[in-house]
Structures are given as structure tokens and as C-alpha cells.
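What follows is a set of notes on a single structure, which appears directly below.
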Amino acid sequence: MKKSHLILGILAAGSLALAGCSTTTYVPSDESLGPAAQAKNECEYQAKVATASYGSSYGLHKHGSEILGQAVGDGVVTGVRQADLIKECMKTRGYVAAKTQ
């Protein structure tokens, strides 16, 4: 048996074993969310998914503080992008931001 076939077999067996471990059952919480809160939670989730890969490719030629600086910058950009995505998502669902005093 080739080494690659052995590795594929081990990965397949591991995947099946892990799939069988999922026994969590979800039920509604006692504290249900209103429609606006539910929509906002869904929009936040979608924004996080859409920006999950932001900043995941740091150059190998960078070291220490350069990587840290880039990570902080990427975090700011990701936060701004997520806020924009949430605002657009809520707008498409018919919600507008409340005016704060």
C-alpha cells in the first residue's frame, strides 16, 4: 500500500469517528430574541464569515513588530468592514439605525 493511500485511509477513518461524536441537541432558550435582535445576530454572523480570512496571510519576510503592526491594522480593517456589512445586511432586512441622543 502506498504511503499516500495509508494517509488517506487514516484521515477518512478519523473523519468518520469525529462525525459520530456530534450528539448535541439544541432547543430554544428561555429568553427568545425579538425580530430585530435575531436579524442583527444573523447579520453579525454573516459579517464574521465574510471576513474570516482577512489578515490570514502574513509575509514570511516580516518579523516581530512588523507582523504585530500588520495584525493590528488588519484587525481595524476587519472591524470596519464587519460594521459596514452588518449595516448593509440590516438595511436589506428593512431595519434602520435608531437615532441616539
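The values are calculated or read from the model by the stated rules, or taken from the named source; none is laboratory data. Bear in mind the structure is a predicted one, so any value in this text is a computation, not a measurement. Positions of Cβ are backbone-derived with ideal geometry, glycine not excepted, and every protein chain shown enters the neighbour counts.
A few points about this structure:
- Any hit, the stretch 36-50, residues being surrounded by 10 or more Cβ atoms within 10 Å (Cβ to Cβ), among the aromatic types (Phe, Trp, Tyr) and modelled with pLDDT of 70 or more: yes
- Sole residue being surrounded by 12 or more Cβ atoms within 10 Å (Cβ to Cβ) and modelled with pLDDT under 90, chosen from Gln82, Gln70, Gln101: Gln70
- Looking at Gly55, Gly59, Gly94, just one residue is assigned to a loop (DSSP other than H, G, I, E, B) and modelled with pLDDT of 85 or more, and that residue is Gly94.
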